[in-house]
Amino acid sequence: MTAKARCSSPSEAASGSDLVLTCLTDIAALESIFTDELLESLQPGTIVIDTSTIGPKNADRFGQKLADSGVGFVDAPVSGGDVGAKNGTLTIMAGGSAQHMEKAAPVFDTIGGSTTHCGPVGSGQSLKMVNQVLCALSTVAVAEAMALADLHGLDLSLVTDVCGTGAGGSWSLEKLGPRILSGDFDPGFRTRDLDKDLRLALQGAASENLELPAVSAAHQQFVESLESYPEAGTQAVYLNY
């Protein structure tokens, strides 16, 4: 790969590249970038690595669109928030062929702390849906635990310092708990993005007649938080209480 100066368009940036890495908000943003012009600028055998969270069905459809143009695709959503992105320690959940995974490995080694090949295209997105469910539930749990501690007149730092070392510990408590304590509700991961992810997860589950009542309840808390604090991070769900 050859480094390029700043380009004036996505097509110019992607032209002649062996690997194209994207990280966008949703499937609409991704498709708006991959116009016919851009697809025509890609050489056969190029691999597109998308780290967006777009859901498995959208990944399958988008991957087929690329395949029709002779372009490979690896769906590779990530977890780890702003800290993981800055430190190059993201958890990468990838779906695609073994051949494409091998070609994408140098990118994954640069941005990620761990990479797991989950299966064919779409499987990375499927695992990301599972991950977002866990994140949502644990973040709401942290918010409600702190609200309960406050009700009992406890120093809220006890929640992170004591509960965090026991069975109640979690990534959300370790990373988001201190932000709540300091009144930092700036986004490491935006509530609006988690709202989108949970909608994808719930819609996918509903299409297969799987009910997720706890996820639905947690999602409602983030919907209310988003209405009040549209630019905040997910830890702002604490302010609901």
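Where a number appears in this text, it was derived from the coordinates with a stated rule and is not lab data. This structure is a prediction, so every number in the text was calculated from the model and none was measured. Because the Cβ atoms are built from the backbone with ideal geometry, glycine has one as well, and the counts that use them run over all protein chains shown.
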Within the chain, excluding any trypsin sites (Lys or Arg not before Pro) found in a DSSP loop (not H, G, I, E or B) and having at most 15 other Cβ atoms within 10 Å, the longest uninterrupted segment runs 7-241
Cross-link reach from LYS103 to lysines, straight Cα distance under 24 Å and at least 8 residues apart if same chain, gives LYS4, LYS57, LYS65, LYS86, LYS128
Magnitude of the Cβ-charge dipole (Lys and Arg +1, Asp and Glu -1) of the chain about the Cα centre, nearest 20 debye, reported as 320
Once amide hydrogens are built 1.01 Å from N within the peptide plane, the residues lying 5 or more places from ALA232 or on another chain with amide H under 5 Å from its amide H are THR191
Spelling it out for THR115: with amide H atoms placed in the peptide plane at 1.01 Å from N, the residues 5 or more places away or on another chain with amide H under 5 Å from its amide H are ILE92
Output ordering of 36-45, 224-233 (per-residue mean of other Cβ within 10 Å, highest first) is 224-233, 36-45
